[in-house]
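Student: Would you mind keeping the following structure in view while I ask a few things?
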Amino acid sequence: RWKTSAALTLGERDVATGQDASLPFTVHAKPFIQNCSGLAGRPRLAKLTVSGPKIVVQGRTVNYKATIRNSGTATARGVRVSVSGGGRGTSSRFNLPPETTRSIRVPTRITGSKGSRTKLLVRAATGGVESKTSAPVRIRP
């Protein structure tokens with residue numbers, strides 16, 4: 001259900017000058033309630049990107065910045081960004097309104113083998129909606 005109302009300010013203008021020719025007055029419309037029809041909006045997580053150091057030290061915690069966009073028509077609630085693969089980390093939960101982009105810090109503990117090249121697998125998810133990407137890293141020997 002949705003509820004709407006309006007307040008209209010009315011008056012007359014002089015055609016030649018465009019100035020008010022009478023005192024304006026306001027008309028308040030009676031609130032109108034109607035049941036919604038159609039499908040409910042849905043969030044859509046898209047364009048997940050990650051940035052941060054490309055060369056890291058095993059066992060250290062490094063901050064990566066994940067940027068995610070909600071291109072859907074509803075707020076994505078309780079979104080969490082998690083990192084797996086060559087590191088482990090999760091962000092705090094956050095809400096992402098429709099048609100907005102947000103960047104969030106993800107503290108990530110590097111777990112890969114020393115001297116190896118690996119990928120950080122990054123996933124943003126909530127309620128069955130997700131977006132994934134990866135970032136290559138090199139772990140110092």
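The values are calculated or read from the model by the stated rules, or taken from the named source; none is laboratory data. Note that this is a predicted model, so its numbers are computed, not measured. Here the Cβ positions follow ideal geometry from the backbone for every residue, glycine too, while neighbour counts run over all protein chains shown. Calculation scope for accessible area: heavy atoms of the full protein, side chains included, ligands and nucleic acids excluded. Shrake-Rupley method; radii C 1.70, N 1.55, O 1.52, S 1.80 Å.
Student: Could you give the size of the charge dipole of segment 60-122 about its Cα centre, using +1 on the Cβ of each K and R and -1 on the Cβ of each D and E, expressed in debye and rounded to the nearest 20?
Tutor: Using Cβ point charges on Lys, Arg, Asp and Glu, segment 60-122 gives about 300 debye.
Student: Can I ask one more? Considering just Cα atoms, how many Å³ per residue does the convex hull of the chain enclose?
Tutor: Hull volume normalised by residue count: 177 Å³.
Student: Can you give me the P(r) profile for segment 91-141? Cα pairs, bins 5 angstrom wide beginning at 0, each as a whole percent.
Tutor: Cα pair-distance distribution for segment 91-141, in percent: 5, 14, 22, 23, 14, 11, 7, 4, 1.
Student: For the chain, with a Gaussian network of springs between Cα atoms less than 10 Å apart, report the residue from L23, L96, L121 with the top mean-square fluctuation.
Tutor: Its mean-square fluctuation being the largest, the pick is L23.
Student: Projecting each Cα onto the charge dipole of segment 93-141 (Lys/Arg +1, Asp/Glu -1 at the beta carbon, about the Cα centre), which of G128, I110, T100 comes out farthest on the positive side?
Tutor: It is I110.
Student: All other residues with a Cβ under 12 Å from the Cβ of N35 taken together, and with Lys, Arg as +1 and Asp, Glu as -1, what is their net charge?
Tutor: +2
Student: Still on this structure: Which of C36, S91, V15 sits farthest toward the positive end of the charge dipole of the chain, with +1 on the Cβ of Lys and Arg and -1 on the Cβ of Asp and Glu?
Tutor: So the residue furthest toward the plus end is S91.
Student: Quick one: 3J(HN,Hα) in Hz for segment 44-52, Karplus 6.51/-1.76/1.60 with θ = phi - 60°, rounded, Gly and Pro as x.
Tutor: Once θ is set to phi - 60°, the couplings for segment 44-52 become 9, 7, 9, 6, 6, 10, 9, 9, x Hz.
Student: So, in nm, how far is label T49 from label D14 when the simple model puts each one 7 Å beyond its Cα toward the Cβ?
Tutor: 5.6
Student: Assuming R0 = 25 Å, what is the FRET efficiency of L39 and T75, from their Cβ-Cβ distance, to the nearest 0.05?
Tutor: 0.95
Student: Over the Cα atoms of segment 39-91, what radius of gyration and what Dmax do you get, in Å?
Tutor: That works out to 14.3, 49 Å for Rg and Dmax.
Student: Under a 1.4 Å probe, what is the accessible area of the chain per residue, stated in Å²?
Tutor: Roughly 68 Å² per residue, with all protein chains present.
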